[in-house]
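A.B. asks: This is the structure, below, for whatever I ask next.
The values are calculated or read from the model by the stated rules, or taken from the named source; none is laboratory data. Just so you know, these numbers come straight off a predicted model, no measurement behind them. We place every Cβ from the backbone using ideal geometry, glycine too, and count neighbours over all the protein chains shown. The protein model used for the area step is the full one, side chains on, heavy atoms only, and it has no ligands, DNA or RNA in it. Shrake-Rupley method; radii C 1.70, N 1.55, O 1.52, S 1.80 Å.
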Amino acid sequence: MQPASSPSSIVFIVDDDPSVRDALAWLLRSRRLLSETYASAADFEAMLDRGLRASQPSCLLLDVRMPEMSGLELFERLATRGLLHQMPVIFLTGHADVPTAVDMVKRGAFDFCEKPFSDNALVDRIEQALQRSQRELAAAGERGQVQARLAELTDRERDVMKLVATGLPNKLIADQLSISVRTVEVHRARVFDKMQVKSAVELANVLRGA
């Protein structure tokens, strides 16, 4: 295994053929991409069990046919873990496995590359997969921040927030909650401050993405 030495994007390679692993690692080094190689799906899953670097964009080059645990079995386990968005999977297939790989793409894999593959085409797809991983991680981080802000709201502020987000004016919110308009104004201001928004429209957009 070749450990990554920095927090930048990383490509995981899982293939039981050492010549394939070495060739892919060399290709990625030539394109200034970090990689880690694993000889089996079990070895890779053991790394995941120790804790995937949650903030590191990544993708997985996965051989379809391997002894003991196949690439397809590992793919299903990754899907169960909910990792397919954070870590897009590109299957490496022989000609006979292309229909299976196509089916895996329909089920959430990022793509497949048939052996022997074009180096440039493969690297292009890897870079696109890493970009998707980065976007997914950024979106997950934003959702986490929103959830943290929501946790700071009081129950009454949550009540007011839900109605503000629907576009109701303060008077109608006050009527529905049986409180004064002034109280609504105070809670509304606190909600905007805690949620770091400046309008009801912005608040609604933030809540839709939470």
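A.B. asks: Under 18 Å Cα-Cα from LYS162, which lysines qualify once same-chain neighbours fewer than 8 residues away are excluded?
C.D. replies: LYS171, LYS194, LYS198
A.B. asks: Which value, in debye to the nearest 20, describes the size of the charge dipole of the chain about its Cα centre when Lys and Arg Cβ atoms bear +1, Asp and Glu Cβ atoms bear -1, and nothing else is charged?
C.D. replies: Working: 27 positive and 29 negative charges, 254 e Å.
Value, rounded to 20: 1220 debye.
A.B. asks: Quick one: length gained pulling ASP124 to THR154 fully straight, 0.36 nm per residue minus the C-alpha distance?
C.D. replies: Numbers: separation 30, 0.36 × 30 = 10.80 nm, distance 4.82 nm.
Using 0.36 nm per residue and subtracting the Cα-Cα distance, I get 6.0 nm.
A.B. asks: Could you state the accessible area per residue of the stretch 12-145 in Å², with a 1.4 Å probe and every protein chain left in place? Intermediate values should be presented prior to the final figure.
C.D. replies: Details: 6640 Å² over 134 residues.
Using a 1.4 Å probe on heavy atoms only, each residue of the stretch 12-145 averages 50 Å².
A.B. asks: To continue, here is another question. Would you list ASP111, ASP155, ASP103 from the most to the least accessible area, probe 1.4 Å?
C.D. replies: On the way: ASP111 35, ASP155 120, ASP103 65 Å².
Result, largest first: ASP155, ASP103, ASP111.
A.B. asks: Measure off, as a whole percent, the carbon and sulfur share of the 1.4 Å-probe accessible area of the stretch 4-76, all protein chains present.
C.D. replies: Answer for the stretch 4-76 is 52 percent, counting heavy atoms of protein chains only.
A.B. asks: Shifting gears a bit: Can you give the extra length, in nm with one decimal, that the chain gains between ALA189 and MET47 once fully stretched, where that is 0.36 nm per residue apart less the Cα-Cα distance? Spell out each step's value before the answer.
C.D. replies: On the way: separation 142, 0.36 × 142 = 51.12 nm, distance 4.67 nm.
Gain on extension, ALA189 to MET47, equals 46.5 nm.
A.B. asks: Considering only protein heavy atoms and a 1.4 Å probe, what is the carbon-and-sulfur percentage of the accessible area of the stretch 113-210?
C.D. replies: On the way: 2800 of 5830 Å².
The nonpolar share, carbon plus sulfur, comes to 48 percent.
A.B. asks: For the chain, what does the helix formula give at 222 nm: sum of -39500 (n - 2.57) over DSSP H segments with n ≥ 4, over the residue count, nearest 500 deg cm²/dmol?
C.D. replies: Working: 9 runs with 121 residues, N = 210.
Here the helix-only value at 222 nm equals -18500 deg cm²/dmol.
A.B. asks: Okay, next question. With each pseudo-label sitting 7 Å past Cα toward Cβ, what's the MET69-ALA96 distance in nm, one decimal?
C.D. replies: For MET69 paired with ALA96, the spin-label model returns 2.4 nm.
A.B. asks: Another one. Quick check: from the Cα gyration tensor, does the chain come out rounded (a/c under 1.5), prolate or oblate?
C.D. replies: On the way: a/c = 3.29, a/b = 2.95, b/c = 1.12.
Cα axes put the chain in the prolate bin.
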